[in-house]
1. Among the listed residues Ile107, Ile102, Ile144, Ile131, which satisfies the condition of being surrounded by 20 or more Cβ atoms within 10 Å (Cβ to Cβ), of a type outside the set (Gly, Ala, Ser) and either free of Cβ contacts under 8 Å to residues at least 40 places away in the same chain or assigned to a loop (DSSP other than H, G, I, E, B) (or both)?
2. Kindly indicate which of Gly47, Gly65 is in contact (Cβ under 8 Å) with a residue 60 or more places away in the chain, out of contact with any strand residue (DSSP E or B) (no Cβ under 8 Å at 6 or more places or on another chain) and in a loop (DSSP other than H, G, I, E, B).
3. Report yes if some residue within segment 118-128 is farther than 24 Å from Thr48 by Cβ, part of a helix (DSSP H, G or I) and free of Cβ contacts under 8 Å to residues at least 12 places away in the same chain; otherwise report no.
4. Select from segment 33-51 the residues that are under 17 Å from Tyr78 (Cα atoms) and surrounded by fewer than 17 Cβ atoms within 10 Å (Cβ to Cβ) and write down the one among them that is modelled with the highest pLDDT.
5. Across segment 56-84, what is the total count of residues that are farther than 28 Å from Ala99 by Cβ and surrounded by 18 or more Cβ atoms within 10 Å (Cβ to Cβ)?
Amino acid sequence: MKKNQAQRSLNKSAETIGAAIMAGIAGTIAITISQMIEMKITDRKAGTGAANAVEKTLQIYPQPGTKKRFTKEIHWVYGTSWGLVRGLLSAFGINKWVATAIHFGAITGAAMAIAPLEGQPPVKEWTSKKIGIDLLHHAVYALITGCVFDAIVNDKISRT
């Protein structure tokens with residue numbers, strides 16, 4: 001009996017991790033599209049802030065001439081890994097919109113905290129327009145990640 005319970009617990013953990021990774025990928029796709037649209041509208045160029053932050057904090061440096069690609073890779077790893085936080089919230093019993101709201105706050109707070117590491121000024125020096133754009137992008141990410149996670153988990157529940 002204990003072996004079956006342990007196996008079910010392990011299976012549920014693996015399913016939650018898988019759903020969280022898939023949701024993180026979906027959220028990263030969504031925020032990437034959101035940023036691409038915004039950059040077209042505002043005529044903003046893609047930066048290398050993510051690479052700058054990794055260089056400063058982890059002392060990991062891209063090969064010469066590959067900083068833009070390195071930035072994109074970090075963007076995808078970072079966004080996908082934040083999906084795991086959404087899964088963790090659910091694993092602790094925080095579900096749906098409450099988990100999505102907490103997730104949004106955590107993502108936004110982290111992004112604003114690391115902004116100086118990316119070469120940006122501290123948040124207190126941002127314009128209201130920049131804050132609004134940042135909030136919009138992170139809302140898109142959190143909403144899509146949460147909806148995809150919940151859809152995967154709910155689909156699994158309805159099939160069992």
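1. Going through Ile107, Ile102, Ile144, Ile131 in turn, just one is surrounded by 20 or more Cβ atoms within 10 Å (Cβ to Cβ), of a type outside the set (Gly, Ala, Ser) and either free of Cβ contacts under 8 Å to residues at least 40 places away in the same chain or assigned to a loop (DSSP other than H, G, I, E, B) (or both): Ile107.
2. Within the list Gly47, Gly65, the selection yields Gly47.
3. Within segment 118-128 (the criterion being farther than 24 Å from Thr48 by Cβ, part of a helix (DSSP H, G or I) and free of Cβ contacts under 8 Å to residues at least 12 places away in the same chain), the answer is yes, since at least one residue qualifies.
4. Ile33
5. 2
Residue-by-condition table, conditions (1) at pLDDT 95 or above; (2) not small (Gly, Ala, Ser):
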site: Lys12; (1), (2): no, yes
site: Met22; (1), (2): yes, yes
site: Ala53; (1), (2): no, no
site: Ile60; (1), (2): no, yes
site: Pro64; (1), (2): no, yes
site: Asn95; (1), (2): no, yes
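The values are calculated or read from the model by the stated rules, or taken from the named source; none is laboratory data. Quick caveat, the model's predicted, so the values are computed rather than measured. Reconstructed Cβ throughout: ideal geometry from the backbone, glycine too, with neighbour counts over all protein chains shown.
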